[in-house]
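*Asks:* Here's a structure for you.
The values are calculated or read from the model by the stated rules, or taken from the named source; none is laboratory data. Just so you know, these numbers come straight off a predicted model, no measurement behind them. Here the Cβ is made from the backbone with ideal geometry for all residues, glycine too, and neighbour counts use every protein chain on show.
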Amino acid sequence: MGPKQVKKTPFYLFGGDAVNRPTSDKASWHISGLLKAGVLNKAEGQKVISIHREDLYEEALQECGNI
């Protein structure tokens with residue numbers, strides 16, 4: 001029989017379709033870390049999150065012919 005095998009999901013992703021996509025979840029995670037570390041204040045965090053746009057990423061993919 002042997003030991004029970006468990007399917008593992010990768011913790012770190014270095015490739016794949018969604019790795020570089022600037023989602024709001026990723027933006028929130030980055031901004032919250034910078035706020036907690038004192039690197040950004042709240043107003044700066046709002047500015048940074050406003051430039052973290054998935055629509056611009058999609059447009060760039062289309063222009064490169066990757067969609």
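*Asks:* So I67 clears everything in (1) loosely packed, with under 11 Cβ neighbours inside 10 Å; (2) modelled with pLDDT of 90 or more; (3) in a loop (DSSP other than H, G, I, E, B) except one condition, right? Which one?
*Replies:* Only one criterion in (1) loosely packed, with under 11 Cβ neighbours inside 10 Å; (2) modelled with pLDDT of 90 or more; (3) in a loop (DSSP other than H, G, I, E, B) is unmet by I67, namely (2).
*Asks:* Moving on to the next point. Just to be sure before I move on: is Q5 assigned to a loop (DSSP other than H, G, I, E, B), polar (S, T, N, Q), free of Cβ contacts under 8 Å to residues at least 60 places away in the same chain and exposed (fewer than 11 other Cβ atoms within 10 Å of the Cβ) in the structure I sent?
*Replies:* The answer is yes for Q5.
*Asks:* I need a count of the residues in the range 10-55 that are among the aliphatic types (A, V, I, L, M), over 12 Å from the mean Cα position of the chain (by Cα) and modelled with pLDDT under 90.
*Replies:* Summing the residues that are among the aliphatic types (A, V, I, L, M), over 12 Å from the mean Cα position of the chain (by Cα) and modelled with pLDDT under 90 in the range 10-55 gives 2.
*Asks:* Also: Tally time: how many residues in the range 17-37 are more than 13 Å from S50 (Cα to Cα) and in a loop (DSSP other than H, G, I, E, B)?
*Replies:* Of the residues in that region, 6 qualify.
*Asks:* Kindly provide the set of residues from the range 38-64 that are assigned to a helix (DSSP H, G or I), touching a helix residue (DSSP H, G or I) at 6+ places or on another chain (Cβ under 6 Å) and closer than 11 Å to T23 by Cα, ordered by number.
*Replies:* I49
*Asks:* Another question, then. When you scan the range 1-22, how many residues do you find that are within 19 Å of A60 (Cβ to Cβ) and out of contact with any Phe, Trp or Tyr (no Cβ under 9 Å at 6 or more places or on another chain)? Talk me through it step by step, then tell me what you get.
*Replies:* Going residue by residue through the range 1-22, those that are within 19 Å of A60 (Cβ to Cβ) are 15-22.
If we keep only those that are out of contact with any Phe, Trp or Tyr (no Cβ under 9 Å at 6 or more places or on another chain) too, we end up with 15-19.
Number satisfying all stated conditions: 5.
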